[in-house]
Amino acid sequence: MTTPAPDLAKRAMDVALSLLALPLAVPLMALISLAVKLDSPGPVWFRQERVGRAGRLFRIHKFRTMRVTDGTGPLVTASHDARITRVGRWLRRTKLDELPQLIDVLNGDMSLVGPRPEVPRYVALYAEPVRRQILSLRPGITDRAAIEFRDEERLLAAAADPERAYVEQVMPIKQRYYLDYVAQRSLAGDLRILWDTARALVK
């Protein structure tokens with residue numbers, strides 16, 4: 001089976017931009033690693049199983065932003081979550097905890113732009129046609145939904161049941177953004193999303 005030309009061009013852009021960004025990111029990542037290690041006991045990295053293209057599972061890279069627990073807590077995180085560390089709060093607010101996902105892009109598990117990868121538990125709730133379309137692409141580090149919901153943790157903090165609010169209110173809106181991206185994606189559109197993401201983060 002051959003890979004369509006637009007997919008090859010998107011992959012080429014992902015690799016080229018990631019290779020350009022990584023040398024600039026490495027010093028910052030080293031400082032963040034030190035801060036995470038000094039702030040609380042546990043590993044620097046947070047690895048979690050996510051659903052990738054065509055339903056293939058992979059383990060995403062993030063900086064750890066929460067205290068090490070037995071893993072029984074909720075999958076969604078509200079801003080008042082007591083598990084978040086001091087450094088973790090800053091990393092989550094600035095989205096720098098996502099920086100290691102450049103590794104996932106180079107590995108071919110992710111793209112710079114695309115629907116954000118979900119955990120299997122939430123993907124199982126997608127309607128089958130929706131799941132098939134969203135998982136037709138590599139998941140991304142950023143997209144329109146990530147920009148619009150950059151304060152998601154604060155929104156969830158206002159809910160009596162953050163996980164229920166995520167599933168019933170947030171997730172359906174995100175799915176509409178994801179489906180729009182699948183239908184309208186282009187290299188120029190990806191560059192606009194990357195630019196808009198950078199602008200949103202510096203506000």
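The values are calculated or read from the model by the stated rules, or taken from the named source; none is laboratory data. Bear in mind the structure is a predicted one, so any value in this text is a computation, not a measurement. Cβ atoms come from the backbone with ideal geometry, glycine included; neighbour counts cover every protein chain shown. Ligands, DNA and RNA are excluded from the accessible area calculation, which covers all protein heavy atoms including side chains. Shrake-Rupley method; radii C 1.70, N 1.55, O 1.52, S 1.80 Å.
Could you provide, to the nearest whole Å², the per residue accessible area of the chain with probe 1.4 Å? Working shown, then result.
Numbers: 11190 Å² over 203 residues.
Accessible area per residue, the chain: 55 Å².
Once every DSSP H run of n ≥ 4 in the chain is given -39500 (n - 2.57) and the sum is divided by its residues, what mean residue ellipticity at 222 nm do you get, rounded to the nearest 500 deg cm²/dmol? Walk me through the numbers before you get to the answer.
On the way: 10 runs with 107 residues, N = 203.
Computed mean residue ellipticity for the chain: -16000 deg cm²/dmol.
Can you bin the stretch 3-95 into rounded, prolate or oblate? Criterion: square roots of the alpha carbon gyration tensor eigenvalues sorted a ≥ b ≥ c, rounded for a/c under 1.5, prolate for a/b above b/c, oblate for the rest. Could the numbers behind the result be given before it?
On the way: a/c = 2.66, a/b = 1.51, b/c = 1.76.
Oblate, because a/c is 1.5 or more while a/b does not exceed b/c.
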Mean Kyte-Doolittle of at least 0.0 plus a Cα span of 18 Å or more along the axis: flag which DSSP H helices in the chain meet both, please.
5-39, 187-202
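Only Cα pairs under 8 Å and at least 6 apart count here; give the relative contact order of the chain as a rounded whole percent. If you can, show how the numbers build up before the last one.
Values: 243 pairs, mean separation 44.4, N = 203.
After rounding, I find 22 percent.
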Considering only Pro139, Pro115, Pro74, give the residue with the highest GNM mean-square fluctuation for the chain, with springs between Cα atoms whenever their separation is below 10 Å.
Pro74
Taking max minus min of the Cα coordinates of the stretch 1-157 on each principal axis, largest first, gives extents in Å of 48, 39, 27
Which value results when the Cα radius of gyration for the stretch 75-203 is divided by 2.2 N^0.38 Å?
1.05
Over the chain, what is the percentage of antiparallel beta bridges among all DSSP beta bridges, to the nearest 5?
80
For the stretch 59-126, I need the span (max minus min coordinate) of the C-alpha atoms along each principal axis, in Å, sorted largest to smallest.
33, 28, 19
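Nearest 0.05, what FRET efficiency do Leu106 and Asp70 give at R0 = 30 Å with Cβ-Cβ as r?
On the way: r = 32 Å, r/R0 = 1.07.
It comes out at approximately 0.40.
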